[in-house]
1. Can you tell me which residues in segment 186-208 are buried (at least 17 other Cβ atoms within 10 Å of the Cβ), among the aliphatic types (A, V, I, L, M) and closer than 17 Å to L136 by Cβ?
2. Out of all the residues in segment 134-151, is one or more in a helix (DSSP H, G or I), among the polar types (S, T, N, Q), open to solvent by 20 Å² or more (accessible area, probe 1.4 Å) and in contact with a strand residue (DSSP E or B) (Cβ under 8 Å, 6 or more places away or on another chain)?
3. Working carefully through the options A219, A169, A179, A185, find the one that is outside any helix (DSSP H, G or I) and in contact with a strand residue (DSSP E or B) (Cβ under 6 Å, 6 or more places away or on another chain).
4. Would you tally the residues in segment 157-178 being farther than 12 Å from G111 by Cβ and either over 19 Å from the mean Cα position of the chain (by Cα) or at pLDDT below 95 (or both)?
5. If you take the residues in segment 284-321 that are touching a Pro at 6+ places or on another chain (Cβ under 6 Å) and over 16 Å from A28 (Cα atoms), which one is nearest to ligand 1 (Cβ to nearest atom)?
6. Report those helices (runs of 4 or more DSSP H) wholly inside segment 9-115 carrying at least 3 residues which are within 16 Å of ligand 3 (Cβ to nearest atom) and surrounded by 18 or more Cβ atoms within 10 Å (Cβ to Cβ).
Amino acid sequence: MADELLSVEDLHVEFERGDSKVYAVNGASFSVGPGETLGIVGESGSGKSVSVLSVMGLLRGSGQVTGGTAMFMGKDLLKLRRRQLEDIRGRDIGMIFQDPMSSLNPTMRIGDQIMEGMLSHQYTSRKGAFNRTLQLLDEVGIPEGKARFRSYPHEFSGGMRQRVMIAMAVACEPQLLIADEPTTALDVTVQTQILVLLRQLQLKGRMGIILITHDFGVATNVCDRIIVMYAGKVMESAPLVDFLARPAHPYTVGLKGSVIEVGTKAHQLRAIPGMATALTEPPRACPFAERCQLAADRCLEELPPLRPLGLGHYVACHRAEEVLAAAGTTVGAQVGGPVGGQVGGQVGGQVAQGVTARA
Ligand SMILES: Nc1ncnc2c1ncn2[C@@H]1O[C@H](COP(=O)(O)OP(=O)(O)OP(=O)(O)O)[C@@H](O)[C@H]1O
Ligand code: SF4
Ligand SMILES: [Mg+2]
């Protein structure tokens with residue numbers, strides 16, 4: 001859409017692994033607009049990080065983008081030269097990586113690391129960068145900025161390091177911030193503070209945010225739209241309200257075993273029986289079929305396309321209408337309530353009772 005900041009269409013990414021290949025991203029599409037927060041959730045290995053790293057030109061090892069487009073400010077990021085991407089990274093698109101310690105230079109003072117991006121992008125003068133660093137340290141909640149400027153990463157707690165990462169990522173006032181599990185390693189109080197901080201920074205500049213998280217509580221607290229990934233594909237995409245009220249994919253229903261209430265362990269993705277395995281061939285049928293209690297013959301033969309259900313809600317499941325009909329108001333009622341209940345159980349429970357498995 002024209003008013004999107006970043007619009008990724010039909011992204012494909014592969015890795016070489018010995019004589020075989022790993023199909024890490026298999027036709028993923030998603031977009032985010034100014035001032036919007038897009039949440040990407042899914043189990044480990046579902047292709048969340050690889051999707052955003054490939055768009056940013058940061059794939060490691062044998063990773064290769066083999067198809068798709070990623071339009072940002074009128075340019076396809078996947079077609080830019082390395083130098084052009086380097087100009088955009090850190091200036092127009094900020095990134096907070098999954099592991100803050102590996103993204104900070106242990107031998108460099110915190111203040112210099114924050115200044116570095118501003119200077120390399122010629123965002124401001126050295127004096128301007130120094131002053132902005134002090135301002136950023138204050139904004140991200142690190143007191144006594146002048147003294148802290150001289151600290152090294154190991155002198156900071158995990159929460160403080162994450163704040164530094166955020167300061168670095170937003171230093172040049174990017175239009176888009178990509179945050180890969182920015183709060184996973186932090187305790188709950190700090191987690192909440194960091195999320196509030198991101199929201200405040202977003203409100204100041206209508207920055208778009210892509211937030212990757214394992215945590216439904218985090219996603220449902222701060223995101224405007226959520227996409228659920230599995231096997232490198234988007235299984236479901238919906239505005240938050242619809243996502244909570246009408247989950248239409250059996251995988252989403254399963255993951256949402258317990259939700260909301262940041263502050264408890266209960267909001268982690270629910271474990272679903274079976275394991276997500278890396279694909280060594282491009283998917284030709286529903287990749288979730290072997291774990292899905294509703295899998296029918298068609299699911300084993302045809303790849304379900306991501307298709308609209310109305311109101312900006314998309315799903316990649318042959319039986320989504322049946323899932324919705326079988327769940328009826330029950331799923332919505334439970335998710336709208338205190339949740340933490342057994343919505344996930346409905347994959348094998350009420351949903352499965354309403355829809356004949358292996359129909
Ligand atoms: N450098 C690499 N070399 C080979 N395979 C890789 C590499 N990076 C990722 N992969 C594979 O790509 C797939 C997707 O990985 P990705 O890191 O995107 O998962 P994720 O959804 O971010 O998981 P997590 O929640 O654990 O961070 C996995 O099967 C992974 O093993
Ligand atoms: S019902 Fe079929 S298409 Fe839908 S998730 Fe289950 S296996 Fe996939
Ligand atoms: Mg990841």
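The values are calculated or read from the model by the stated rules, or taken from the named source; none is laboratory data. In this text the structure is predicted, and so the values were computed from the model without any measurement. Virtual Cβ from ideal backbone geometry, glycine too; neighbours counted across all protein chains shown. The area values use the complete protein model at the heavy-atom level, side chains included, leaving out ligands, DNA and RNA. Shrake-Rupley method; radii C 1.70, N 1.55, O 1.52, S 1.80 Å.
1. Correct list: I194, L197, L198, L201, M207.
2. No, segment 134-151 has no match at all.
3. Answer to the selection: A179.
4. Result for segment 157-178: 13.
5. Filtering segment 284-321 for residues that are touching a Pro at 6+ places or on another chain (Cβ under 6 Å) and over 16 Å from A28 (Cα atoms), the one nearest to ligand 1 (Cβ to nearest atom) comes out as C292.
6. Once the helices (runs of 4 or more DSSP H) in segment 9-115 are filtered for at least 3 residues that are within 16 Å of ligand 3 (Cβ to nearest atom) and surrounded by 18 or more Cβ atoms within 10 Å (Cβ to Cβ), what remains is 48-55.
Residues checked against (1) open to solvent by less than 20 Å² (accessible area, probe 1.4 Å); (2) touching a Pro at 6+ places or on another chain (Cβ under 7 Å); (3) modelled with pLDDT of 95 or more:
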residue: D224; (1), (2), (3): no, yes, yes
residue: Y230; (1), (2), (3): yes, yes, yes
residue: G254; (1), (2), (3): yes, no, no
residue: A266; (1), (2), (3): no, no, no
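Here is a yes/no grid of residues against (1) small (G, A, S); (2) within 15 Å of ligand 1 (Cβ to nearest atom); (3) touching a residue at least 60 places away in the same chain (Cβ under 8 Å); (4) within 17 Å of I227 (Cα to Cα):
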residue	(1), (2), (3), (4)
E9	no, no, yes, yes
F30	no, yes, yes, yes
M56	no, yes, yes, no
F72	no, no, yes, no
